[in-house]
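Here is the structure we will look at, set down as structure tokens.
We did not get these values from a lab; they are worked out from the coordinates using the rules stated. Worth saying up front: this structure is predicted, and the values here are computed from it rather than measured. Quick reminder, even Gly has a Cβ in these numbers, built from the backbone with ideal geometry, and neighbours come from all protein chains shown.
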Amino acid sequence: MKRLQFLAIVILGITSRAHAQEAKPGPKDTEKRYSFKRIHDPNGIGKFYMDREIAHVMGHAAASWLERPEREEEENPKKLHAELKLKPGMVVADIGAGSGYHSFRMAEAVGAKGKVYAVDIQKEMLDIIRKRMKETGVTQIEPVMGEIADPKLPENAVDLCLMVDVYHEFEFPYEMAAKLVSCLKPGGKLVFVEYRLEDQKVPIKLVHKMSERQVIKEMSAFPEMKHAGTSKVLPWQHIVTFEKKAK
């Protein structure tokens, strides 16, 4: 019970900016894509995309929570990485890498000849990854300072982009997804790992959960991507995978 209470506190209370600060309309070309409400879920930013409220970003102050021992039981990363089917030599990207929890696991899977882009918008998170790289001697990870609407990845260069509990926090989900699609090679995969909104037993705040249907709905904006399947092997999350069609 204590573990779940702590989980709820982290999701509710630790963000990269004050909860009092709400999203405001941006450039004119994005205003039609997004809507804004003054009265909204306190865990969201008041900005909506395809009828979904965008959640607050979890800040670097919660980095230790990302490495909690209970995560093995709650998320079962071994099963997740088995589903990804990573192979030596692959180029992959961990979007919203945080403390590098998944980056280092993927680095082991792709081997010395592979590469892992660890992308985050918080310098403090990337500093944690760099420190750990130095301590462990891992060299195939490249920390990347992304932006809120651009992961800063090269085009047509990545075999797989992994997003674990992060897409629902993107302030500009359409723009970010468009950039991620462009960075994928033909046949490359975009993988969403999100807490299941369909399951009321998952002890996560509503705006930090996504349904499979909503993920598919939002990816319908990109006809070059096809839904390659959804796996429900994880305890709390589903793995929704899209594949970039060959030209």
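Tabulated data
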quantity	calculated
Long-range tail of P(r) for the chain (Cα pairs > 35 Å, %)	8 percent
Rounded Å value of the spacing that divides the Cα centres of region 184-247 and region 35-86	13 Å
Under Karplus coefficients 6.51, -1.76 and 1.60, residue-wise ³J(HN,Hα) of region 156-163 in Hz, glycine/proline x	6, 10, 10, 7, 7, 10, 10, 10
Estimated dipole of region 64-202 in Debye, rounded to 20 [Cβ of Lys and Arg +1, of Asp and Glu -1, Cα centre]	700 debye
Calculated [θ] (222 nm, deg cm²/dmol) that DSSP helices of n ≥ 4 give over the chain, each run adding -39,500 (n - 2.57)	-8500 deg cm²/dmol
Relative intensity, log₁₀ I(q)/I(0), of region 135-187 from a Debye sum that treats every alpha carbon as a point, q = 0.13, 0.14, 0.26, 0.28 Å⁻¹	-0.36, -0.41, -1.12, -1.21
Filter on LYS85/LYS115; LYS47/LYS232; LYS189/LYS245; LYS87/LYS113; LYS201/LYS232 - keep pairs with C-alpha separation over 18 Å	LYS47/LYS232
Cα Rg, Dmax (largest Cα-Cα span) when computed across region 37-106, Å	15.9, 49
Placed amide H near GLU142: partners under 5 Å, 5+ positions off or other chain	VAL116, TYR117, ALA118
J(HN,Hα) series, region 219-227, from Karplus relation 6.51 cos²θ - 1.76 cosθ + 1.60, nearest Hz, glycine and proline x	7, 5, 6, 10, x, 6, 10, 10, 5
Peptides ranked, highest mean first, by Cβ atoms within 10 Å: ranges 92-100, 169-177	92-100, 169-177
Selected from MET145, ALA246, TYR101, residue furthest toward positive end of dipole (the chain; charges at beta carbon)	ALA246
